[in-house]
Amino acid sequence: MNGLAGNMQAQPRVFAHDAKAIVIGAINNTWEDGGFSFVGGTSFVAGDVGSTMTAATGSATFTITSVDGGAITGLDVVNLGIGYTAGVSVNLTGGTGSGASFTPTNIDIPNTIERGCCVYVGAGGNMSVVMESGGSAIQFTGLSSGTFLPILVQRVTAATATDLIALY
């Protein structure tokens, strides 16, 4: 989603062309590295292929697809889960080895790498967001149900408002 800045040939959109539910703390799998990095651990065996690794916190699950020298070398993502903080490692359990972990690298709203998204608030409350500029979180208070916010948001950090929808 390229922005209009410096591009007089681009056609600005005044209506949304896509919408997705916003999930706070979800891994942004549209990020260049899939939203997380992985450490393969030690002492895993070939029989672990097909085992499911589960995050100690959050709700991610991965299926082991390959092991080399005791380290997991391949995973299939079953569920990336929610409830994460970027840069905080999460230990994985399952299989015969130990030390496998993953670190969320990006928990922004998906598809906001180049341009933020507007937000629709289904049920009122408050909402803290990081704007497209990437600055610190700012809180919007007293949001009413059915509110459309014509702001460009990169991440929702906390909310008492619910049923949040990203509009692109």
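The values are calculated or read from the model by the stated rules, or taken from the named source; none is laboratory data. Bear in mind the structure is a predicted one, so any value in this text is a computation, not a measurement. In this analysis, Cβ positions are derived from the backbone assuming ideal geometry, glycine residues included, and neighbour counts consider all displayed protein chains.
Of Ile72, Ile82, Ile64, which residue is modelled with pLDDT of 85 or more, assigned to a loop (DSSP other than H, G, I, E, B) and not polar (S, T, N, Q)? Being modelled with pLDDT of 85 or more, assigned to a loop (DSSP other than H, G, I, E, B) and not polar (S, T, N, Q) holds for just one of Ile72, Ile82, Ile64, which is Ile82. Could you check the range 132-150 and list, in sequence order, the residues that are touching a Gly at 6+ places or on another chain (Cβ under 7 Å) and either under 21 Å from Pro110 (Cβ atoms) or of a type in the set (A, V, I, L, M, F, W, C) (or both)? Passing the criteria: Glu132, Leu143. One residue stands out in the range 149-168 among those that are closer than 9 Å to Gly122 by Cα and not small (Gly, Ala, Ser): the one that is surrounded by the most Cβ atoms within 10 Å (Cβ to Cβ), namely Leu164.
For the range 87-144, filtering for residues that are touching a residue at least 40 places away in the same chain (Cβ under 8 Å) and either assigned to a strand (DSSP E or B) or more than 30 Å from Phe44 (Cα to Cα) (or both) leaves 24. Would you point out which residue out of Ser66, Ser98, Ser136, Ser145 is of a type in the set (Gly, Ala, Ser) and closer than 21 Å to Gly25 by Cβ? Ser136 is the lone residue from the list that is of a type in the set (Gly, Ala, Ser) and closer than 21 Å to Gly25 by Cβ.
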